[in-house]
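S.K.: Sharing a structure, written as structure tokens. Questions coming.
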Amino acid sequence: MSELLMVGASGLAREVMASVRSGSDLDILGLLDDDPAKEAAEIDGAHVLGPVTAVTRFPLARVVLCVGAGMGRERLARRLAGLGLGHDRYATIIDSSARVPEGCHVGAGSILLAHVTLTAAVRVGRHVVVMPHVTLTHEDDVDDFVTLAAGVSLGGGVRVGRCAYLGMNSSVRQQVVVGDNAVVGMGAAVLDDVPRGEVWAGVPARQLSVSGPGSSGSIGREAS
């Protein structure tokens, strides 16, 4: 059984632990976090073992990034690459209740929580976080570091760009493109392409603002 290190002592880490404990071949080793206030803390029975750089002390452990914001996960992945971590060190977390048929692909380091459904020929990139009850239908393509909040539904052939964030219970019509770093608000119905870096919300969804690098947008992108 492989040991699992979670980077980021967050709410997402707690959800990952719950999925792992519900049925997985991984054994939770602990968490890493740079926040001094969390040093040696215990979260749901797992201990914070040190800062992020302590990953080098555990060369055989698998790793998963438990930071809610996609751009935060991207920065962490670059930092860990500088410490020598390759893609082969990352665990892919798929809850026992998730449906991932043959012909679908889920990249290294991605997290699929409870009751996620992939239908056919779906591609999920690396370090993607898919929250509970998300539905990805035929030929959807979700790029690296995307976050799909609970209840998101994508029609067939949707493309979601790198580091995009789709809010809770939002839906995207078939063949639509959501650009890199875009933010879609909770409950939005996206009928048209969302350009890179824009914030859209409403039914039907319309542009609210532009979300640049480092911006959290205005629609509840969470860092937990």
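S.K.: Do the conditions hold for Arg206, that is, is it more than 19 Å from Leu65 (Cβ to Cβ), touching a strand residue (DSSP E or B) at 6+ places or on another chain (Cβ under 9 Å), of a type in the set (Lys, Arg) and surrounded by fewer than 19 Cβ atoms within 10 Å (Cβ to Cβ)?
M.R.: Yes; evaluated as a whole, the condition is true for this residue.
S.K.: Is one or more of the residues making up the stretch 115-123 in a strand (DSSP E or B), closer than 25 Å to Val152 by Cβ and among the polar types (S, T, N, Q)?
M.R.: yes
S.K.: Let me ask another. Among the listed residues Leu29, Leu4, Leu12, identify the single one that is modelled with pLDDT of 95 or more, touching a Phe, Trp or Tyr at 6+ places or on another chain (Cβ under 9 Å) and surrounded by 14 or more Cβ atoms within 10 Å (Cβ to Cβ). Full working, then the answer.
M.R.: Working: Leu4 fails: touching a Phe, Trp or Tyr at 6+ places or on another chain (Cβ under 9 Å); Leu12 fails: touching a Phe, Trp or Tyr at 6+ places or on another chain (Cβ under 9 Å).
Exactly one of Leu29, Leu4, Leu12 is modelled with pLDDT of 95 or more, touching a Phe, Trp or Tyr at 6+ places or on another chain (Cβ under 9 Å) and surrounded by 14 or more Cβ atoms within 10 Å (Cβ to Cβ), namely Leu29.
S.K.: Give the stretch 59-71 a look and list any residue that's surrounded by fewer than 17 Cβ atoms within 10 Å (Cβ to Cβ) and in contact (Cβ under 8 Å) with a residue 12 or more places away in the chain, or say none.
M.R.: Matches in the stretch 59-71: Leu60 only.
S.K.: Can you tell me which residue within the stretch 189-216, out of those that are assigned to a strand (DSSP E or B) and among the β-branched types (Val, Ile, Thr), is modelled with the lowest pLDDT?
M.R.: Val210
S.K.: Could you go through the stretch 43-55 and let me know if any residue there is within 25 Å of Val160 (Cβ to Cβ) and modelled with pLDDT of 95 or more.
M.R.: For the stretch 43-55, residues within 25 Å of Val160 (Cβ to Cβ) and modelled with pLDDT of 95 or more: absent.
S.K.: Which ones in the stretch 20-33 are on the phi < 0 side of the Ramachandran plot and within 20 Å of the chain's Cα centre (by Cα)?
M.R.: Those that are on the phi < 0 side of the Ramachandran plot and within 20 Å of the chain's Cα centre (by Cα): Val20, Arg21, Ser22, Ser24, Leu26, Ile28, Leu31, Leu32, Asp33.
S.K.: Please tell me if Val129 is in contact with a Ser or Thr (Cβ under 8 Å, 6 or more places away or on another chain), touching a residue at least 60 places away in the same chain (Cβ under 8 Å) and more than 19 Å from Asp25 (Cα to Cα). Reasoning before the result, please.
M.R.: Working: in contact with a Ser or Thr (Cβ under 8 Å, 6 or more places away or on another chain): yes; touching a residue at least 60 places away in the same chain (Cβ under 8 Å): yes; more than 19 Å from Asp25 (Cα to Cα): yes.
So Val129 passes the test.
S.K.: Exactly one of these conditions fails for Gly84: (1) over 17 Å from the mean Cα position of the chain (by Cα); (2) under 18 Å from Leu29 (Cα atoms); (3) assigned to a loop (DSSP other than H, G, I, E, B). Give me its number.
M.R.: (2)
S.K.: Moving to a separate point now. Just need a number here: residues in the stretch 74-130 that are in contact with a strand residue (DSSP E or B) (Cβ under 9 Å, 6 or more places away or on another chain), of a type in the set (S, T, N, Q) and surrounded by fewer than 20 Cβ atoms within 10 Å (Cβ to Cβ).
M.R.: 3
S.K.: Another question, then. When the residues of the stretch 68-80 are filtered to those that are touching a Leu at 6+ places or on another chain (Cβ under 6 Å) and either charged (D, E, K, R) or assigned to a loop (DSSP other than H, G, I, E, B) (or both), which remaining residue is modelled with the highest pLDDT?
M.R.: Checking each candidate, the answer is Arg73.
Results for (1) over 20 Å from Ala98 (Cα atoms); (2) of a type in the set (Gly, Ala, Ser); (3) not assigned by TED's automatic domain parsing to the domain that holds Ser110, shown as yes or no for each residue.
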residue: Met17; (1), (2), (3): no, no, yes
residue: Leu26; (1), (2), (3): no, no, yes
residue: Asp35; (1), (2), (3): yes, no, yes
residue: Ala40; (1), (2), (3): yes, yes, yes
residue: Val48; (1), (2), (3): yes, no, yes
residue: Val55; (1), (2), (3): yes, no, yes
residue: Val64; (1), (2), (3): no, no, yes
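S.K.: Which residues, counting only those in the stretch 177-188, are over 10 Å from Ala205 (Cβ atoms) and part of a loop (DSSP other than H, G, I, E, B)?
M.R.: Those that are over 10 Å from Ala205 (Cβ atoms) and part of a loop (DSSP other than H, G, I, E, B): Gly179, Asp180, Asn181, Ala182, Met186.
The values are calculated or read from the model by the stated rules, or taken from the named source; none is laboratory data. The structure presented is a predicted model; accordingly, all values stated were derived computationally and were not measured. Cβ sites come from the backbone with ideal geometry, for glycine too, and all protein chains shown count toward neighbours.
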